[in-house]
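Novice: I am attaching a structure below and will ask some questions about it afterwards.
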Amino acid sequence: MTALFTLYCLLPLVWLVINATKSQADFVSTFGLGPGHEFALWDNIAQVFTYQDGIFARWLLNTVLYVVVGATVSTFLAALGGYALAKLDFTGKRVFLLVVLGSISVPGIALAIPQFLLFAQLGMTDTPWAVLIPSFINPFGLYLMWVFTAEAVPSGLLEAAKIDGAGEFRTFLQIALPLLAPAGVTVLLFSFVSIWNNYFLPLIMLKDPDWYPLTVGINQWNKLGSSAGNGALVQNLVITSALLTIVPLIIAFLSLQRYWQSGLALGAVKG
């Protein structure tokens with residue numbers, strides 16, 4: 001069963017890699033899992049970055065902007081909120097916990113239309129803020145940081161910092177935040193993937209192609225390639241751009257994996 005599941009997960013990736021190396025003529029005339037008559041990967045990449053005046057590079061920069069800002073801010077806010085829920089006492093704390101737990105069960109797509117109407121009233125649609133601001137809120141990340149903070153941050157250590165004169169925010173930054181690094185990496189990865197793959201929200205929020213992320217932009221190319229008379233022009237570009245889109249995700253996971261694993265191992269030793 002594990003082998004079948006692995007095959008199911010890897011087969012689309014293998015198909016993507018193989019077909020990204022084909023020219024447009026080979027793509028429409030050869031077997032999907034077989035090589036083409038020529039290795040055209042580098043030519044395809046060059047065409048991707050020059051097609052439509054190089055707008056792919058703009059989409060890539062937009063996506064990096066949305067991911068870096070959105071994932072960083074959402075992770076920090078999740079850590080800050082999780083610390084407050086786990087270690088501070090305030091009025092309405094139980095109600096707030098119920099709201100957080102309830103919001104986890106609400107699919108994000110159900111909130112897209114209300115968010116669009118709200119941002120339309122504020123005059124913020126068709127701007128990067130319409131994509132960035134919703135990405136700052138991560139209910140699951142907040143819940144994860146809350147649970148992790150309750151176990152990983154000793155209350156005695158926080159009290160000692162306060163006795164030494166540290167304020168609440170300084171105590172969080174210098175004492176609690178370094179201890180939350182393993183959970184922070186987890187939330188950061190989840191936010192990274194979620195924002196990088198976000199499609200529906202940017203689709204309804206943005207009209208200007210110059211602000212599209214990769215998901216929306218590549219889908220526009222896919223529609224162009226599927227329309228009559230255009231299929232022989234950009235299908236190879238759609239496949240190659242899709243391959244380029246997943247490369248940063250792989251790099252992010254490989255780069256942060258050691259922090260993730262070290263954090264899990266540390267928790268196991270402490271347990």
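Novice: Within the set of other residues whose C-beta is less than 14 Å from the C-beta of PRO128, count the net charge using Lys and Arg as +1 and Asp and Glu as -1.
Specialist: Local net charge: -1.
Novice: Can I ask one more? Could you give me the ³J(HN,Hα) list for segment 55-71, computed from phi with Karplus coefficients 6.51, -1.76, 1.60 and θ = phi - 60°, whole Hz, x at Gly and Pro?
Specialist: Running phi through 6.51 cos²θ - 1.76 cosθ + 1.60 with θ = phi - 60° gives 5, 4, 4, 5, 4, 5, 5, 4, 5, 4, 4, 4, 6, 5, 5, x, 5 Hz.
Novice: Okay, helix-only estimate at 222 nm for the chain: each DSSP H run of n ≥ 4 adds -39500 (n - 2.57), divide by all residues, round to 500 deg cm²/dmol; what do you get?
Specialist: Roughly -24000 deg cm²/dmol at 222 nm, from the helical runs in the chain.
Novice: What are the ³J(HN,Hα) couplings of segment 192-202, residue after residue, when phi is run through the Karplus curve with 6.51, -1.76, 1.60 and θ = phi - 60°? Round to Hz, x for glycine and proline.
Specialist: 3J(HN,Hα) across segment 192-202, in whole Hz: 4, 5, 4, 6, 5, 8, 4, 10, 5, 4, x.
Novice: So, in Å, what gap is there between the alpha-carbon centers of segment 8-61 and segment 125-148?
Specialist: Rounded to whole Å, the Cα centres lie 33 Å apart.
Novice: Please state the charge dipole magnitude for the chain, taken about the Cα centre, from unit charges on C-beta atoms (+1 on K and R, -1 on D and E), reported in debye and rounded to the nearest 20.
Specialist: 500
Novice: Below 14 angstrom from the Cβ of THR21, what's the summed charge of the other residues (Lys, Arg +1; Asp, Glu -1)? Display every interim value, and only then the final one.
Specialist: Numbers: positive: LYS22; negative: ASP26, GLU38, ASP43.
Within the 14 Å Cβ shell, the charges total -2.
Novice: Could you compute how much accessible surface ARG258 exposes when probed at 1.4 Å, giving the result in Å² to the nearest 10?
Specialist: My reading of the accessible area for ARG258 is about 150 Å².
Novice: A follow-up question, please. For segment 56-264, what is the accessible area per residue in Å² when the probe is 1.4 Å?
Specialist: Each residue of segment 56-264 exposes 52 Å² on average to a 1.4 Å probe.
Novice: Once you order the gyration tensor axes a ≥ b ≥ c over the Cα atoms, which shape class does segment 16-103 get: rounded for a/c under 1.5, otherwise prolate or oblate by comparing a/b with b/c?
Specialist: Verdict is prolate for segment 16-103.
Novice: At most 16 other Cβ atoms within 10 Å and a DSSP loop assignment: could you name the chymotrypsin sites (Phe, Trp or Tyr not before Pro) in segment 157-213 that fit?
Specialist: Qualifying residues, ordered by number: TYR199.
Novice: Note the full-extension length gain between LEU111 and PHE49 as 0.36 nm times their separation in residues minus their Cα-Cα distance, in nm to one decimal.
Specialist: Extra length from LEU111 to PHE49 when fully extended: 18.9 nm.
Novice: Would you tally the net charge around ILE45, using a Cβ to Cβ cut-off of less than 15 Å, leaving ILE45 out, and scoring K and R as +1, D and E as -1?
Specialist: Spelling it out: positives minus negatives among the neighbours equals -1.
Novice: Hey, another quick one. Note the count of lysine pairs whose C-alpha atoms are less than 26 angstrom apart in the chain, limited to pairs 8 or more residues apart or on different chains.
Specialist: So the count works out to 6.
Novice: Output the relative contact order of the chain, whole-number percent, from Cα pairs under 8 angstrom with separation of 6+ residues. Intermediate values should be presented prior to the final figure.
Specialist: Values: 281 pairs, mean separation 75.8, N = 271.
So the answer I get is 28 percent.
Novice: Expressed as a whole percentage, what fraction of the accessible surface of segment 56-264 belongs to carbon and sulfur atoms when a 1.4 Å probe is rolled over the protein heavy atoms?
Specialist: Carbon plus sulfur share of accessible area: 69 percent.
Novice: Right, here's the next one. If amide H atoms are built 1.01 Å from N in the plane of the peptide, which residues on other chains or at least 5 residues away come under 5 Å of the amide H of ILE137?
Specialist: none
Novice: Taking only Cα atoms, what is the 0 to 90° angle, nearest 10, from helix 139-152's long axis to the longest principal axis of the chain?
Specialist: 40
The values are calculated or read from the model by the stated rules, or taken from the named source; none is laboratory data. If you're wondering where the values come from, they're calculated on a predicted model, not measured in any experiment. Cβ atoms come from the backbone with ideal geometry, glycine included; neighbour counts cover every protein chain shown. Keep in mind that these areas ignore ligands, DNA and RNA; they rest on the heavy atoms of the full protein, side chains included. Shrake-Rupley method; radii C 1.70, N 1.55, O 1.52, S 1.80 Å.
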